[in-house]
1. When you have a sec, figure out the Kirkwood radius of segment 1-107 from all distinct Cα pair distances and drop it here in Å to one decimal?
2. For the chain, what is the mean residue ellipticity at 222 nm derived from helices alone (per DSSP H run of n ≥ 4: -39500 (n - 2.57); sum divided by total residues; nearest 500 deg cm²/dmol)?
3. List the residues whose amide H sits under 5 Å from the amide H of D118, counting only those 5 or more places along or on another chain, with H placed 1.01 Å from N in the peptide plane.
4. Quick one: if the Förster radius is 41 Å, what FRET efficiency do T62 and L95 give, using the C-beta to C-beta distance and rounding to 0.05?
5. How many percent of Cα pairs in segment 87-136 exceed 12 Å?
6. Could you estimate the translational diffusion coefficient of segment 23-76 from the Stokes-Einstein equation, with Rh from the Kirkwood formula over C-alpha pairs, at 20 °C and 1.002 mPa s, in whole µm²/s?
7. Report ³J(HN,Hα) in whole Hz for each residue of segment 92-104, in order, from the Karplus equation J = 6.51 cos²θ - 1.76 cosθ + 1.60 where θ = phi - 60°; Gly and Pro get x.
8. Got a number for carbon plus sulfur as a percent of the chain's accessible area, 1.4 Å probe?
Amino acid sequence: MGRIQTRPTGEDVTAFLDSISDERRQAEGHAMRSLIERVTGAPAAMWGPSIVGFGSLSYTNTTGANEWFVVGFSPRKNALTIYGIHNAYSAPDPLFDTLGSHSTGKGCVYIKLLDQVDENVLEQLIRNAWLSNEAP
């Protein structure tokens, strides 16, 4: 079986964020990095060409043993995509009801405009995800 393609690259996170041509999305990327670093205490790392991840976990699935970040984000053109704070296979955290304007996918949250969500709620969702995945 093949390995997943999204893994740490060693590329410079600041250079990636600075390279985003949309000024608003670039600013949101830097803001998300600061928020997640503050909440988790973990440094940002590039995972693949466009995801900024924090921490890592090991897991095994049909492709074998893999590694994935605990929480992460990607400042994509249509939305700021946040990974690790939502799982479609479990009951949604009631905090999402107070987050503000967002949508969800199987394993991610899409935010079109960062200033349209409650930063305190977003911080708590990140903290909850981080704490629930910390190694003992």
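1. Every distinct Cα pair counted, the radius reaches 14.9 Å.
2. On the way: 3 runs with 38 residues, N = 136.
Result for the chain: -9000 deg cm²/dmol, rounded to the nearest 500.
3. For D118, whose amide H was placed from the backbone, the distant partners under 5 Å are G100.
4. Using R0 = 41 Å, I get an efficiency of 0.80.
5. Cα-Cα pairs of segment 87-136 separated by over 12 Å account for 67 percent.
6. Estimated via Stokes-Einstein, D reaches 179 µm²/s.
7. Ordered by residue, 3J(HN,Hα) equals x, 5, x, 4, 4, 5, 10, 5, x, 5, 7, 9, 10 Hz.
8. Roughly 51 percent, rounded to a whole number.
The values are calculated or read from the model by the stated rules, or taken from the named source; none is laboratory data. Nothing here was measured: the structure is a model prediction, and the numbers come from that model. Please note: Cβ atoms are built from the backbone with ideal geometry, for glycine as well, and neighbour counts cover all protein chains shown. Accessible surface is based on the protein model in full, side chains and every heavy atom, while ligands, DNA and RNA are left aside. Shrake-Rupley method; radii C 1.70, N 1.55, O 1.52, S 1.80 Å.
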